[in-house]
Each structure stands twice: as C-alpha cells, then as structure tokens.
Amino acid sequence: MKYGAGFASAPNYSFHKGKNLEVKSVLFLYLSNSSKRKIYGKGEVYMAKKAKLSEMTDMFKDMDILSLEGVTIEGDVEIELNGLGGGFDPMLAALLGQENAVLAQHFARLASMFGVPVGIGAPAGVPAAAPAVSPALAAPKLKDLIPAKFDFENIAEWANQIQEVPIGNTSADGGSRGKRVMLGGEKALPFFPDAVMPNRNQVTIDVFDMRIGLAKAVKVNYDEVMDSPGEWAKKNVEKFNADMITIHLISTDPLIKDTPAKEAAKTVEEVLQAVDVPIAIGGSGNPQKDPEVLAKAAEVAEGERCLIASASLNLDYAKIAEAALKYDHDVLSWTQLDMNSQKELNRKLMKQCNVPRDRIIMDPTTAALGYGLDYAYTNMERIRLAALMGDDELTFPMSSGTTNAWGARESWMVSSPLKEDSDWGPREYRGPIWEIITGLSLAIAGNDLFMMMHPTSVAVLKQITQTLFGSIEAEPVDIANWIGAEV
Amino acid sequence: MKINSPLEAYKYLPQTNCGECGEATCMAFASKLIDRSGKTTDCSPLIKEKKFAKKLAELDRLLAPEIKEVEVGVGERAVKIGGDDVLYRHKLTFFNKTKMFFDVTDTMEEAALVERVKNIANFKKFYVGRHLLLDGVAIRSVSNDPAKFAAAVKKVAEVGIPMIFCSFNPEVLKAGLEAAKDANPLLYAANKDNWKEIGELALEYNVPVVVSAVNDLDALKTLAKTFAEAGIKNIVLDPGTCPTGKGMKESFSNFLKIRRAGIMGDTEIAYPIMALPFTAWMAGISDPVSASYWETAMAAVFTIRYGDIMILHSMEPYATIPEVHMAETIYTDPRTPVAVDSKMYKVGNPTADSPVLFTTNFALTYYTVESDLSSNGIDCWLLAVNTDGIGVEASVAGGQLTADKVKDAFDKSGFDLKKDVTHNTVITPGLAARLQGDLEDKLSANILVGPMDSGRLPGFMEKNWPPKK
C-alpha cells in the first residue's frame, strides 16, 4: 500500500494531550479509482450512506490505494482526533487523521484569510517528504509523534524550613568580623526545584595550633605557615578563598603537648586578629580536656559569634553550651552516624542547656568515600528529609569534617598495596578529588558547611556547589553535537 | 512496585508451602518478593502450571519496578540499568548501580583504539573483597561515515564489553548494528529529527535505544511515549547534561523531575536516565586535570541524583577510582551491613610463631585491617568475629562484640591457641581494650591490646612482637 508523498511528511507541530484539535471546513477526497465523492461531517463520513471512520478503514483495507490525490478543502471540516483511537488503521489515520488535520487546519486558515476555497494535495502544492527514508525503514509503526506533556509536582510533605544560623558578628552585631556567614534556611533538599535555596554552601579551611603530620599533597601548600596559626589563617583567606577559618587546638591534648587552656586561648586571639572572616574553634578531641579548652576559647572570643566545635554526648556538653551562650557563640552538635543520637543531643542542648535554635549546627560525622560514606551520606539525607517533614529536633544546618577524606588510603598512598588493582596513578591528583567528591556528595545530601584542607578541593567544591546553587554565570555550552566534539 | 506487603503478594501464590523455592512457606517467599531478593521465576508451580498463568501475569505486573529495567550488552559483562522503586536509597535500596561507559571515536588509529578499549575492559579496583569495574565503551561517530563506524565497532566488539553506538545518523547506526550482530548495543540517539528511522532500527534489531531532547521534558516524554506505543520496550532517556552555569543547574533539575515523576507513577517517563559528564570536555577548561576533575564531579552529581548510565572521557585513575567508588557508595544495599564470613583468615604465610589478631566481620573493617597487615608484609592469623557486620567501636558498645563471641569464633574456626601457635597470645583491636580481662578468662590466653587504628599495626608489631615472656 502506497500513498501520496505529500502525506508522508511530518509537519512540525505540537499539541497537548487531552485537547481536541478541531478543524472546521469541508473535506473532499478524490480517490484515484473513483468519481468525486463528498465527505464531510464530524468524525463521520457521508458517502452513499452515513459511515463511521472505522467502516472506512474496513472499506479501504483491501484496496490497493496508490495515492490520495487532489484532496481539496472547501468550507467546513470537523475532525476530532480523539475519535481516532484504538483499533484504527494507522495508515488510514495517517491519511485522514492527525497530519491531514494539521494540514487541513493550516490551509483552512489560509482559506479563511482569502475567503476562497484552497485546494491541497495537488502534487505541486505539497512539500516533498522531508526525511530521506529508505522504503525498508518506513514501516507504519512510527508514523506520528504521540504528544505528551511532562508534569512535575513539588513534594507536599516538605512543610518545614531549616533554621537559619549566622556565624560571625560584624561591627553592626557587636563583633569585629568583616562579614557574617549565613547557613541553613532551606525548604527542600539542596538544589531541588521545589523551593529556592536561600544560602549557598560555605567552606572553612583548617588551621592547627602546631605543626602536624599532613598528607604530602596538602602539606606543600602550608609548609611555610605551619608554625604560625595567624599566618596560616591569612593564607587560607587571602590565597585560598576560605569563607571561614577553623582553628583546631590540638596541642591541648594531654597526650600531645597538654597546652593549658589559657595558652591555647591566645592562639584563638591571634587568629581573630589575623583574619576578619568568621571562625570556628575546635579542641583536640580529648573529652576530658575539651570542655575546659573550649570554654576558655569562647571567653577570649566574646562577642564574635564563633562556632564552638564540638559538643558531644561523651563529654561535658553543658559546659560548652554554657560558655557559648555566655559569650555569644554558636554550638556544633556532633554525633557519630546516628540520627537518634543527633536528636538526643540537640534536644539536650535546647531543653537542658537552653541553647536557642539559631545557635545550633549539627555535625553528624563524615566518613570518607570508600570508607563508610554510604552511611554518612544516608545519615545526612535522612536527617534533612526528617527535618523538612517536620522533625523540629533536626531542623538545623549541617557541617562536615570533609578533611576525613584524607584518611582514605586512595588519597595519600603512593600506589595500591594490592597487586591486582589497576594503576592508581599519581597520588597528588587523587587526594584533592577524594576530598571534593566526599564533600560534594554530602552537599547533595543536605550539608551546608564544609571543613576542608586542600586549596584545589576548596576551589572545585565551591565551583560545583555554586553552579548547582545557581550563582555561577557561564557562557552556555552547545552540547547538541557532543558526539563529534574534538576531545 | 505497586504493592508493598507480603500479604498482598501471597494472594497470588499457590499457597501450598511446597518449599520448591527454598523457603519453608509461601508467605516467607512472598516477603522475598516484596524486598526484591526473590523472583516469581523461583516458584516453579507458579511458572509451570497453566492454572496460575493469570495470577503470575498479574503478580509480575504488581512487582515490576517503577523504573523500567533495561539491559545493554550480552554475556557475562552485560549490564542492567534502571529498575528502581524509590527516590532515596534508605527507603529500600537502589538497584543496578550507575554504569560507566568511556568514549572512543571511529577516527582513532586502530592500535590506540584497541588499547583504550582494553584498558576500559581490564580496569579493576579492589573494594571489600571484590573488584569495582568500568562497564563499557561508547563509540562516537566523529567521521559520520558508516563504513568507518562499522570498522570501529568490529574492533571494539572483539573485546566483548557492552557498547553504546553514538550517532544521530541512522545510516551510521545501521552500519554499526550490522557489524556487531547480537551484541545488544545501546543506540544513541533518537531526537526530534531522526526519531522515525532510529525507532525503526531499534525495532528491527531489537536493541535498547536512547531518546534525546535537551532541556525539553515535553519533547522527551513525547519521544518516549511514541516509541513505547510503537512497541519499543527498552528506552533510555537523555534530557541533556549541560556542563556549566545555569545550564547545569537546569540539567540537575531535569534529572530530579524525571525520576520523581517516574517513581510517582508516570509510566510514560519511567525509564533509566543517561548522563553525559563527557560534556565537561566541551566547557572550555584548558588544563586536562581540571577538566577531568570537573567531569568526575559531574559524574558524582549524576550518580547520586538518578543517572543510571553515563558516558565519560577521562581514564585517569584519579577520575575513574572515585567514580566507581561513588557508584558503589550510592548503590550499596543499606539494609544489610556488608559482612565477610566469620572465620580464621591467613594473612601472608603465617607460622606457629606468627601473631594472632581478631577484628569484626564488618567488611570495611575487616578489609582495612587485612590490607594494613598484608601491605606491610605482616604474616599473621586474623579472626573475623561475627558481630552482625558491625564495626569494632559500635559492636563493643552494642554488645555484639564480647569475650564470649570471640571465644565462640575461635571454637567454630577450629583454631586452637594452645596447639596451632607457640605463644598463646591474642591481639585485640584498641577499640575493644575493655574486653581484655574477660578475654583472658574466657580464652586462657595472653591478651595484648593493639592500637586504636589498624594503620598503626606495623609500628605496634615492631615494639610488641614477639611478646615478652
């Protein structure tokens, strides 16, 4: 069965599901082997008698129709496309149906413009079939596009907003910071189209109060400033674009140098003077010593709204919370990969210690890529989803110790310890990407603040999270012909 | 999946508790169907007996995953993509981890082409007792010449890993299909201009096919629906992956929207999604390390948010290793902690004088300790104690790691501290130090408390081994 080329072309059109395309005019069909017959009506065909379209299908079934020629529009035609449903011969549908309807509509418009009948289907008046399709390929199954409209709905259950928490006091707030960092405020998962994300991700770069062992790729960036926390902090801000500084008072650990709290506090003062970005203050991780160290640090940093890191369930969190409140700081609520512990600690901070909601940030623990990131990722995603759906004990911004990525052997080992592994390549490129990917995955899970180390990691993480956030302007890249791209 | 309780699946089973599936009862089998650890084909009465045919068909319909599952390639390296039922992995688990295909072109020199394909096929990264692999090759027709493309396909096909044929020219794709009959490649791609011809190829050769519409979800859905109605079953969606700026944000949104609609029941768009981190190389990033980093970052983004299959370029280890780990991270089944068999393992070639250590059977812990020992050439005996796959610190706190459990593990392994070694000494993980007294009593052995981190075992051994009498 062959048919006129004029009908094989697919005009460029689109329409929406559920809407009927109505074309008003009268359609005459000239069949090649018959005299002129008049066809009109709404989805029905009048010939010798009233006939349905389906009957026409049957009628044409055994006919060797070579072409439909000289189809002419004269007056009104009504074609309801939804009448061309199941069981209808696609060939005839093509002849009488959708494409024809569009053509008819097109010409009907012309007709009404000119106020005269306009013929279609005369070979000269019809554009040739556009695509060069070999006959073997032109089977009828793929005759016309079946239009579909994509619908998207926001998640109705996301009714709760994440608490906004500021870090750093400017002179307007009674502090000396040059700017304030704002975390949280989300009403949806990060970068989702359901709601605008109000605050971008922030990166705080580590400073230690003593020279420590670092992966080689990290160390080369800091070697000359490692004996001076102030210089180190400056370099982080001026050269590596840190939004914040974290000063880790690790020398206070009784097993390291046992630096007294009072002396450690001087380092905090030094950092506060060296840079004017907001700062986070960390202890050594020793649960006996940290409360005392952090309380003293909070005191010397009074009014600067630092992030005190960290309160946890295995130390005197009340002492830390008390100091934070007394001297105007925020508290980092740290638990280990357990949502229920996180709820418990947040509850204790709020109910027992009276820490206001806008002073709590959570650190639910970061495990590195390949070393438990699946737990860390899902823990954060669950926490954020629970918060959005109304769990007020979890509605806080989150912070990640992204530097844990440097504990993964892939980030620092010279080569794989295993013979059967493919070559691991140069380690100086493995470490930074390990830190980037660890952080990036958590950014997508809901994390707001990143504690990081390698300058390249910081730069790339900022670039990609801010791209997803929507604040990076870039020349649009034409990806249509990526197949032929020269790479 | 349209049902979520074993009771609902049970209704369609023979309810004879015949046990042929390996479960004691039909109800137990029904639970396996619901958590997708069992398949209806495991129930032979249901499959064989005619009277159950209707029930089987209905049950299969109810159990079908929301996102269509599509297979690419043939043989043991064939890959499945899609098949998901949830938007967040903790709600069940994600199935069929993101598949990584790396590009070659039909303009490459033959030797370079073959070498690159072999590198892709042979890549291996050890992780918890097995190897993470790369999945396939995407052949880009840069020449737009059917003969050249067919020649490249022939070479790649010899290696035997899954392929994606990339061209918008039907003649090129047809030549590729003729060159690799029955290889079940994925066709990339049908778009608004060529969909009829590409669709016919997919039907004629019965291969999976990508429909592509950049940043136009109506058009994408229209193509998918048109193909589905024409009888094409294996469809993959390419909504476009823009590499920078607002374009990338839009691409990210599109992936979310498509998958959300699919999981929520819009079957017309419930197909696996293709991401193209490859486009990072078109973003004008001048130095190759930075371009590679950007590609890896894009790969991570779209592995996490719903990319089921992707085409990448950089084969640098600093790109591929994090990429395969990220796919593993997101697709690991969160319902079951990864565990190794609880038994006595030999690290290196231990003798009767070698140290004896124990750790938990949590795979991550076990393999970390094991590789810390083996990579430092420490020959020893390492016992994995069954802690239900929980790490040392948590299992000590939670009671899954006790002196009784350790003794039990020694007994079951058949290892005798009095006979098999000369020193009757056991080294505990530092994080299990509090078990020391109990262990001395239960094992009647000397107990040495090891370091908190197994990374410090070499230093510890230097100081403490052999033990002082």
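A short reminder: the numbers here are calculations on the coordinates, not readings from a lab. Quantities reported herein were computed from a predicted structural model and do not represent experimental measurements. All Cβ positions, even for glycine, are placed from backbone atoms using ideal geometry, and neighbour counts span all protein chains on display.
Okay, here's what the table says:
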item: DSSP beta bridge pairing in region B:114-207, given as percent antiparallel to the nearest 5; result: 30
item: Simple label model, 7 Å out from Cα along Cβ direction - residue A:228 to residue B:246, nm; result: 4.5
item: Estimated FRET transfer efficiency when R0 is 22 angstrom, pair residue A:159-residue B:88 (beta carbons, to 0.05); result: 0.80
item: Stretch gain in nm, segment residue B:216-residue B:333, where the contour uses 0.36 nm per residue and the Cα spacing is subtracted; result: 38.8 nm
item: Orientation-averaged projected area, Cα convex hull of region B:346-463 (nm²); result: 6.3
item: Furthest towards positive pole of dipole, B:34, B:24, B:62, structure part region B:6-63, Cβ charges; result: B:62
item: Average beta carbon contacts from partner chains per residue of B:232-244, 10 Å cutoff; result: 2
item: Among B:160-172, B:404-416, the order from most to least packed when residues are scored by Cβ within 10 Å on average; result: B:160-172, B:404-416
item: Cα gyration tensor, region B:69-331 - rounded (a/c under 1.5), prolate or oblate; result: rounded
item: For region A:164-469: rounded, prolate or oblate by the Cα gyration tensor [a/c cutoff 1.5]; result: rounded
item: Rg(Cα) / (2.2 N^0.38 Å) computed for region A:348-437, rounded to two decimals; result: 1.46
item: Separation between Cα centres of region B:364-394 and region B:134-180, rounded to whole Å; result: 45
item: Over 22 Å (Cα to Cα) - which of A:216/B:99; B:412/B:442; A:319/A:348; B:32/B:412; B:39/B:125 fall in this group; result: A:216/B:99; B:32/B:412; B:39/B:125
item: Ordering of A:169-177, A:461-469 by packing [mean C-beta count within 10 Å, highest first]; result: A:461-469, A:169-177
item: Neighbourhood net charge (15 Å Cβ-Cβ; Lys/Arg +1, Asp/Glu -1) for residue B:299; result: -3
item: Distance (nanometres) between label positions extended 7 Å along Cα→Cβ at residue A:180 and residue A:347; result: 3.2
item: Average other protein chain Cβ within 10 Å of Cβ, residues A:403-413; result: 2
item: Shape metrics for region B:146-255, restricted to C-alpha atoms - Rg then Dmax, Å; result: 14.5, 41
item: Environment charge of residue A:427, counting only residues whose C-beta is closer than 12 Å and scoring Lys/Arg +1, Asp/Glu -1; result: 0
item: Overall Cα dimensions of region B:314-383 - principal axes, largest extent first, Å; result: 47, 32, 11
item: Kirkwood-type radius of region B:217-350, with distances r between different C-alpha atoms, in Å; result: 17.0
item: Over region A:357-451, relative contact order from alpha-carbon pairs under 8 Å, at least 6 apart, %; result: 36
item: Ordering of B:303-315, B:363-375, B:345-357 by packing [mean C-beta count within 10 Å, highest first]; result: B:303-315, B:363-375, B:345-357
item: In nm, spacing of pseudo-spin labels at residue A:196 and residue B:74 (7 Å Cα→C-beta vector); result: 5.5
item: Where N is the number of residues in region B:6-63, Cα Rg divided by 2.2 N^0.38 Å; result: 0.95
item: Proximal charge balance of residue A:480 [Cβ under 13 Å; K/R count +1, D/E count -1]; result: -3
item: Cα-centre dipole for chain B with unit charges at Cβ (Lys and Arg positive, Asp and Glu negative), debye to 20; result: 820
item: Which of B:368, B:348, B:265, positive extreme of dipole for chain B (C-beta unit charges); result: B:265
item: Volume in Å³ per residue [convex hull over Cα atoms, computed for region B:38-78]; result: 104
item: 5 Å binning of all Cα-Cα separations within region A:377-487, expressed as whole percents from 0 upward; result: 2, 11, 16, 15, 15, 15, 13, 9, 4, 1, 0
item: Within 10 Å of each Cβ in A:463-473, the average number of Cβ atoms from other chains; result: 5
item: Rounded FRET efficiency, nearest 0.05, which uses the C-beta distance separating residue A:256 from residue B:193 and R0 of 60 Å; result: 0.35
item: Alpha-carbon Rg with Dmax, taken over chain B, Å; result: 26.7, 83
item: Rg/Rh for region B:53-131, where both radii come from Cα atoms and Rh is the Kirkwood radius; result: 1.12
item: log₁₀ of I(q)/I(0) at q = 0.07, 0.09 Å⁻¹ - the protein assembly as shown, Debye sum with one point per alpha carbon; result: -0.71, -1.07
item: Cα-based Rg / Dmax (Å) for region B:118-190; result: 13.7, 45
